[in-house]
Amino acid sequence: MEKLPSNNNDIDERGKILHESKGASLYTYIPTLLTILIFSRKHTSFNHLALSISNAIRNPEIKRALASVSKYLNEDEQMPIHKIIGILEIIDTVKGLQNNSYRSQGIRATENAHQGGKHLGIINSLKEHANEDDKNLLDAIQSAVITVEKVQKVMKEAKAKANNVKGTSHLIKEGRI
């Protein structure tokens with residue numbers, strides 16, 4: 001591959017830059033730095049700049065601002081912005097883990113289901129990801145859960161009938177019936 005000399009850059013025969021100068025690579029960070037600067041000065045005075053940079057990187061709007069800037073850059077110029085957004089997401093995740101507010105995207109909160117419904121739902125969800133041997137094991141567990149639920153239902157009905165009989169016999173003894 002024949003190299004053609006250029007101003008601080010090495011260019012191959014197709015015109016692609018092989019090595020950029022330090023000034024050119026610094027250019028890719030300018031939109032990121034400007035975005036952070038704008039957010040750090042948004043609600044503060046210059047005297048509190050260090051504190052406000054910390055607040056700026058915690059601001060959820062900064063990721064959207066960085067993404068909006070990146071659409072004007074080529075793929076190589078977008079890399080620092082993608083890295084910064086990734087770092088900001090890591091910071092948000094760690095902060096959420098520390099204060100127990102982290103929630104995985106795509107998992108929605110549900111109302112409390114009764115225990116059997118929970119167990120059967122969990123088993124069915126796991127079946128989608130299990131190999132055949134484990135599916136057979138989950139089928140056996142599912143059958144056991146269903147059987148336990150049926151036994152509990154019969155016992156509950158029997159207890160209710162027994163309570164009715166006790167109540168009725170008590171009323172007969174008192175002469176109310």
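Each reported figure results from applying straightforward, stated rules to the coordinates on display, with no laboratory input. Keep in mind the model is a prediction, meaning the values are calculated, not measured. Positions of Cβ are backbone-derived with ideal geometry, glycine not excepted, and every protein chain shown enters the neighbour counts.
In what sequence, highest mean first, do 55-62, 117-124 appear when ranked by Cβ atoms within 10 angstrom?
The densest-packed peptide leads the list: 55-62, 117-124.
Please report the net charge: other residues with Cβ closer than 14 Å to the Cβ of E128, K and R +1, D and E -1.
So the environment of E128 carries a net charge of -1.
Calculate, in nm to one decimal, what Q105 and D134 gain on full extension: separation in residues at 0.36 nm each, minus their alpha carbon distance.
Full extension from Q105 to D134 adds 7.7 nm.
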